[in-house]
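What follows is a set of notes on a single structure, which appears directly below.
The values are calculated or read from the model by the stated rules, or taken from the named source; none is laboratory data. Not measured: the values here are computed from a predicted model. FYI the Cβ positions are ideal-geometry reconstructions off the backbone, even for glycines, and counts take in every protein chain you see.
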Amino acid sequence: MGITLLIVTAFVLAGVIMILELFIPSHGVLSLAAAACLIYGIVNCFLVSQWLGFVVTIVTAAALPVFIVAMVRIWPNTWIGQRVAIKTAQKAIPGESIPDVNKLDKLIGQVGEAITDLRPVGAVMFGADRIDCVAETGQIKKGFKVTVIHVEGVRVVVREQT
């Protein structure tokens, strides 16, 4: 087999493997195989002629980002991309998402009821809001009343009422 045929075969095989990467979830194994084929083709181009090697390297370096961008745009439309990619934004469910920091600051001094054991982290109900809280010291049993003593970002520190 002539060197020209080896070079052409290496580049065609690299392209086919990169297209297969769109449809087969290989966690990058196929991408590594495609990169190996590209490197093999480029090295053989340098063996034929130094100028050919430089030209093929520059063309490959210019074409590869274009190919990757095309793959990123095509992949969400493939059968596996449709199964994996999120199409619509998920809506926040009240009491199930990270609360508003401004709302948490207003909890200082408020009294709530532990709905799980706080060891030291657990859930506390403040009216209709379920908030993840941290016990100041030790553990707090489920059902006990707690008071918010400190808020730092989304970290709410509570103390058991005596």
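Structure notes:
- Condition broken by Cys133, with the remaining ones in (1) of a type outside the set (Gly, Ala, Ser); (2) part of a loop (DSSP other than H, G, I, E, B); (3) surrounded by 17 or more Cβ atoms within 10 Å (Cβ to Cβ) satisfied: (2)
- Criterion: within 18 Å of Val101 (Cβ to Cβ) and basic (Lys, Arg) - qualifying residue of Arg130, Arg159: Arg130
- Odd one out for Val69, checked against (1) modelled with pLDDT under 95; (2) surrounded by 14 or more Cβ atoms within 10 Å (Cβ to Cβ): (2)
- Some residue of the range 28-42 being in a loop (DSSP other than H, G, I, E, B), within 29 Å of the chain's Cα centre (by Cα) and modelled with pLDDT under 95: yes
- Filtered residue count, the range 111-130, keeping only those that are surrounded by fewer than 16 Cβ atoms within 10 Å (Cβ to Cβ) and under 18 Å from Thr162 (Cβ atoms): 3
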